[in-house]
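Take a look at the structure set out below.
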Amino acid sequence: MKLRGDSMSISEAADAVEDISVDWRGRPCKPTKHGGMKAAVFVLGLQGFEMMAIAAVGNNLITYVLNEMHFPLSKSANIVTNFIGTVFLLSLFGGFLSDSYLGSFWTMLIFGFVELSGFILLSVQAHLPQLRPPSCKVMSSEYCQEAKGYKALIFFAAIYLVALGSGCLKPNIISHGADQFRKEDTKQSKKLSTYFNCAYFAFCMGELIALTVLVWVQTHSGMDVGFGVSAAAMTLGLISLVFGTSLYRNKPPRGSIFTPIAQVFVAAFTKRKQICPSNTEMLHGNQNNVPNHLFVTMSPNVTTLLHTEKFRFLDKACIKTEDGTERTESPWRLCTVSQVEQVKIIISVVPIFACTIIFNTILAQLQTFSVQQGSTMNATITESFKIPPASLQAIPYIMLIFLVPLYETVFVPTARKVTGRDSGISPLQRVGTGLFIATFSMVSAAVIERKRRNSALHNEALSIFWIAPQFLIFGLSEMFTAVGLIEFFYKQSLEGMQSFLTAMTYCSYSFGFYLSSLLVSLVNKVTSTSSRGGWLSDNDLNKDRLDRFYWLLAALSLINFFNYLFWSNWYCYNPTLSPTNTNSPPEDGKDLENSSNFKYPSRHIEGSHNIIIT
């Protein structure tokens, strides 16, 4: 499709570029029939049910690995963190497949069934004794045979089928739901922040049901029944996804998203000895003179990206050779300004992404060592009822199902009056608030663990509710950081890269859990002596020094917060992707138009040009 015009400014060009979406039959979408919250609600259904299924397995997996597979405590903790880390790392693969080849709907449907097969295999193994090691009491002096051979193979195959399916689902659930709101429609665009809060609410509901009902089922009816219920929840999620098929706005895949990125690096390296011109209008594609062949893999709205002054070495990819022409230079030697700016955005968000890794390392402790803390405490409520230790993780979600609606209905409107932003505060401000609060979760955990250990050494058992504060504090911090990070990445993404950049949020979880495994091993090695093991080397928490490990994480979290302040202050939005609300100040209080980091074209695009819409 081609649009022709006479004289067109940058803003007019942006308005002219249509948001291309199709229905399930490949036909252009109708604004009155497709998209909006009526379509997104089916995606939210998948979000809630899938989270219910995976949370019931992941949050209580350490109990199954320790008591049924008979792996040592530290190895069990690492198995769980590696599993969860792999879930989130594979989200990059899911985002790439979606943006490049399959589209978000088909990616979710295919890998939803992969995840379902993993839950079924786990349930079968947990049900059949011959597929597990002989039963024994792990915490006693009795020898327990560790799972090996085909028994270990079945276990790891099952959990990594779940990891593959869930990892490829997660970024697409967020991006597909957000795609239901047309950015060019002001009313629907304003609902994006509301959608992200609704998605987090669905996440909280799924987690809450998993950590109460499903964990209780696992504890009282057996892990086989619990895993079976997870499989049933996943089935309901897939049914919810399919029911909304006729209402979805689908973004067609656009081919490899890495090709235009690679072209920029290759072209910049090839012309590394060139000198960037002082007049940036001399750079190729700084105005709308983009050759058609470059649009094959580029996003439809790439032509609206404006030049920025950061990472000037990449601008060399836009320098034309003296005797070269647009027709003779390959796209691997000559790129457009917008293509280069796309790469600059990706590089710029990496420090923000890196600052959330320690945050997710803290989360890993709440799903491993904190659960084991609870197992050594007094969990009795009545003579006939005890709280399953894994259900402690439900405490913050009980709080959040009330706080998230209050945040959306009370805090956001109030903050909007002060800041003028549709979302109340910027995504980066939201992330920073959460990172600061997370430090106090580990402070609380360290203080209570020392108290619990001292009590246990005197043959006294503290109430399990003593460790509730560390879960509550972290739950509050997660409401700010998790949602803020997803909103930040989605709003910084271009057409055709939403799923992949959203996947970077989940990749942060992955690195956080991998870092947790590394820290556990490193701390054990550094703190061990010839006479005794390290802080976390024993299966008995009363002999370990988990409190010191928590203090280490609190210190790392505080350092990480100050590191984040530096990078969030350094980060600048591309003017094209800055908030479009003219009544609001730019994100994070930065005057984008007057900033020295940006240079707007000094004149409009003149002449008759073609805007190619792929």
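Which one of these is part of a helix (DSSP H, G or I) and under 17 Å from Ala364 (Cβ atoms): Phe471, Phe480?
Only one candidate passes the filter, namely Phe471.
Considering the stretch 340-371 alone, what residues qualify as being more than 21 Å from the chain's Cα centre (by Cα) and over 21 Å from Ser557 (Cβ atoms)? It would help to see each step written out before you state the result.
First, pick out the residues of the stretch 340-371 that are more than 21 Å from the chain's Cα centre (by Cα): 340-341, 369-371.
Those that are more than 21 Å from the chain's Cα centre (by Cα) and over 21 Å from Ser557 (Cβ atoms): Val340, Glu341.
Output the residues belonging to the stretch 483-507 that are assigned to a helix (DSSP H, G or I), crowded, with 24+ Cβ neighbours inside 10 Å and of a type in the set (S, T, N, Q).
Residues satisfying the conditions are Gln498, Ser499, Thr502, Thr505.
Taking the condition of being at pLDDT 85 or above, farther than 20 Å from Lys191 by Cα, open to solvent by less than 10 Å² (accessible area, probe 1.4 Å) and not small (Gly, Ala, Ser), how many residues in the stretch 29-59 meet it?
2
Since Val431 meets every condition but one in (1) at pLDDT 85 or above; (2) assigned to a loop (DSSP other than H, G, I, E, B), which condition does it not meet?
(2)
Going through the stretch 443-468 one residue at a time, which ones are touching a residue at least 24 places away in the same chain (Cβ under 8 Å) and not in a helix (DSSP H, G or I)?
Of everything in the stretch 443-468, those that are touching a residue at least 24 places away in the same chain (Cβ under 8 Å) and not in a helix (DSSP H, G or I) turn out to be Ala461, Leu462, Ser463.
With the requirement that a residue be under 30 Å from Ala482 (Cα atoms), open to solvent by 20 Å² or more (accessible area, probe 1.4 Å) and polar (S, T, N, Q), what does the stretch 373-397 give you?
Of everything in the stretch 373-397, just one residue is under 30 Å from Ala482 (Cα atoms), open to solvent by 20 Å² or more (accessible area, probe 1.4 Å) and polar (S, T, N, Q), namely Ser375.
Return the total of residues in the stretch 148-164 being open to solvent by less than 10 Å² (accessible area, probe 1.4 Å) and either free of Cβ contacts under 8 Å to residues at least 12 places away in the same chain or among the β-branched types (Val, Ile, Thr) (or both).
The total comes to 2.
Can you pull out the residues in the stretch 412-426 that are in a helix (DSSP H, G or I) and modelled with pLDDT under 85?
If we filter the stretch 412-426 for residues that are in a helix (DSSP H, G or I), which is where we start, we get 412-419.
Correct list: Val412, Pro413, Ala415, Arg416, Lys417, Val418, Thr419.
Considering only residues of the stretch 245-285 that are at pLDDT below 80 and not in a loop (DSSP other than H, G, I, E, B), which is surrounded by the most Cβ atoms within 10 Å (Cβ to Cβ)?
If we take residues in the stretch 245-285 being at pLDDT below 80 and not in a loop (DSSP other than H, G, I, E, B), then Thr280 is surrounded by the most Cβ atoms within 10 Å (Cβ to Cβ).
Please pick out the residue among Thr419, Thr439 that is polar (S, T, N, Q), touching a residue at least 60 places away in the same chain (Cβ under 8 Å) and under 22 Å from Tyr195 (Cβ atoms). Don't jump to the end; show me each part of the working.
Values: Thr439 fails: under 22 Å from Tyr195 (Cβ atoms).
When all the criteria are applied, what remains is Thr419.
The values are calculated or read from the model by the stated rules, or taken from the named source; none is laboratory data. Quick caveat, the model's predicted, so the values are computed rather than measured. Here the Cβ is made from the backbone with ideal geometry for all residues, glycine too, and neighbour counts use every protein chain on show. Just the protein is used for accessible areas: all its heavy atoms, side chains included, with ligands, DNA and RNA removed. Shrake-Rupley method; radii C 1.70, N 1.55, O 1.52, S 1.80 Å.
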